[in-house]
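Chemist: A single structure is presented below for examination.
The values are calculated or read from the model by the stated rules, or taken from the named source; none is laboratory data. These figures come from a predicted structure and were not determined experimentally. Methodologically, a virtual Cβ is constructed for each residue, glycine included, from the backbone with ideal geometry; neighbour enumeration extends over all protein chains shown.
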Ligand code: ATP
């Protein structure tokens, strides 16, 4: 393959720029022409495509967001939009496409693959919700951002002897809450995968207070089926402990990627380009243990997610 393109799509994630840098530089190293597509599938449909060189990805590895821009594209969800996208790749004689994004973006890539484009999917999302890979790019940075916030909130929570519900991102997957909750020493972690036990939660708040604990941190993923307001009200009513809410929101998306995310992004993106160089069929790139792995794109997207019960159990043990 001699000409390839790269796009970033869906929610931005720290490490997308590191992946872009690695893909561009690896492609140039292997003697390929490489193009950047702006605003994900929207830009592909509109032909916002420009050639990248070594210096166009200089000084970006440490930056959050994505220099290509990203979008959610309604037009690309239609057959007509997808046909236009394929036509645009043909106009530029682009043979292979690297898609950096979450589950939806990789599904979009699969549609292109069914229409004859060779697609390499790279998991770029803070949610860590893709079943086929142990970790996604951006997850580690998001967890560390939440950890910083937990530490600040703990100080004020202790000073006022309050309980605090900290709402973090994760609609279907509670990994951010789970990893940040365990490493931040939260008293309770609430995730969409496990039903909320209000009695146990209130018992823990009361037992903690009786032991002289000054703070009580509850990390709750946004997808848990009780709102943070409702939860705080119930805890306040049932325990008498003043309970505040902090919704962390978009600060979890931004920031300079951690070394771990930069490494993951660099390794995955370089692998994607190597596979395109070798005219591979469409793949999803992931990590298993410490190994970069690739799966057939369609098979990867059909894999079911297994919830890490052992980590939840450890968090429970350590927060007694
Ligand atoms: P995040 O995990 O951060 O939300 P994502 O990649 O899952 O990222 P989505 O909004 O689900 O974000 O998808 C991004 C874009 O990919 C969509 O706006 C749409 O253009 C395309 N896309 C999503 N699902 C499909 C699909 N089933 N078929 C074709 N295209 C899709």
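Chemist: Of the residues 281, 248, 275, only one is touching a helix residue (DSSP H, G or I) at 6+ places or on another chain (Cβ under 9 Å) and surrounded by 15 or more Cβ atoms within 10 Å (Cβ to Cβ); which?
Modeler: Numbers: 281 fails: surrounded by 15 or more Cβ atoms within 10 Å (Cβ to Cβ); 275 fails: touching a helix residue (DSSP H, G or I) at 6+ places or on another chain (Cβ under 9 Å).
Criteria check complete, one pass: 248.
Chemist: Moving on to the next point. Looking only at region 90-138, count every residue that is under 26 Å from residue 307 (Cβ atoms), away from the ligand (no atom under 13 Å from the Cβ) and not in a loop (DSSP other than H, G, I, E, B) and tell me the total.
Modeler: Here the count works out to 0.
Chemist: In addition: Do you know which residues across region 1-31 are closer than 20 Å to residue 86 by Cβ, in contact with a strand residue (DSSP E or B) (Cβ under 6 Å, 6 or more places away or on another chain) and away from the ligand (no atom under 14 Å from the Cβ)?
Modeler: 1, 3, 4, 5, 6
Chemist: Taking region 157-184, which residues are at pLDDT below 95 and under 20 Å from residue 204 (Cβ atoms)?
Modeler: Scanning region 157-184 gives 157, 158, 160, 161, 162, 163.
Chemist: Based on what the data block shows, is residue 178 closer than 30 Å to residue 64 by Cα, buried (at least 19 other Cβ atoms within 10 Å of the Cβ) and more than 18 Å from the chain's Cα centre (by Cα)?
Modeler: Details: closer than 30 Å to residue 64 by Cα: yes; buried (at least 19 other Cβ atoms within 10 Å of the Cβ): yes; more than 18 Å from the chain's Cα centre (by Cα): no.
Taking the combined requirement at face value, the residue does not satisfy it.
Chemist: If you don't mind, there's one more thing I want to ask. Taking region 36-75 on its own, how many of its residues are in a helix (DSSP H, G or I), away from the ligand (no atom under 16 Å from the Cβ) and either without any contact (Cβ under 8 Å) to a residue 12 or more places away in the chain or under 24 Å from the mean Cα position of the chain (by Cα) (or both)? I'd like the intermediate steps shown before the answer.
Modeler: Here is the first cut: in region 36-75, the residues in a helix (DSSP H, G or I) are 40-46, 54-57, 75.
Adding the requirement that they be away from the ligand (no atom under 16 Å from the Cβ) leaves 54-57.
Right, trim to either without any contact (Cβ under 8 Å) to a residue 12 or more places away in the chain or under 24 Å from the mean Cα position of the chain (by Cα) (or both) and you get 55, 57.
Adding up the residues that qualify gives 2.
Chemist: To continue, here is another question. When you check residue 119 against the structure, is it at pLDDT 95 or above, touching a strand residue (DSSP E or B) at 6+ places or on another chain (Cβ under 8 Å) and under 14 Å from residue 219 (Cα atoms), yes or no? First the steps, then the outcome.
Modeler: Details: at pLDDT 95 or above: yes; touching a strand residue (DSSP E or B) at 6+ places or on another chain (Cβ under 8 Å): yes; under 14 Å from residue 219 (Cα atoms): no.
So residue 119 fails the test.
Chemist: List every residue pair whose Cβ atoms sit under 6 Å apart, with the two residues 6 or more apart in sequence or on different chains, where the first one lies in region 191-214 and is under 15 Å from residue 163 (Cβ atoms) and the second, anywhere, is at pLDDT below 90 and surrounded by 12 or more Cβ atoms within 10 Å (Cβ to Cβ).
Modeler: Listed pairs, sorted by first residue: 214/158; 214/161.
Chemist: Within region 230-267, take every residue that is assigned to a helix (DSSP H, G or I) and closer than 11 Å to residue 164 by Cα and give me the one that is farthest from the chain's Cα centre (by Cα).
Modeler: Within region 230-267, the first condition is being assigned to a helix (DSSP H, G or I), and the residues that meet it are 230-239, 249-252, 259-267.
Those left that are additionally closer than 11 Å to residue 164 by Cα: 231-232, 235-236.
Working: 231: 26, 232: 27, 235: 31, 236: 33 Å.
That would be 236.
Chemist: Mind telling me which of the residues 185, 212, 223, 208 ends up being more than 30 Å from residue 290 (Cβ to Cβ) and assigned to a loop (DSSP other than H, G, I, E, B)? Break it down stepwise before answering.
Modeler: Values: 185 fails: more than 30 Å from residue 290 (Cβ to Cβ); 223 fails: more than 30 Å from residue 290 (Cβ to Cβ); 208 fails: assigned to a loop (DSSP other than H, G, I, E, B).
After applying the criteria, what remains is 212.
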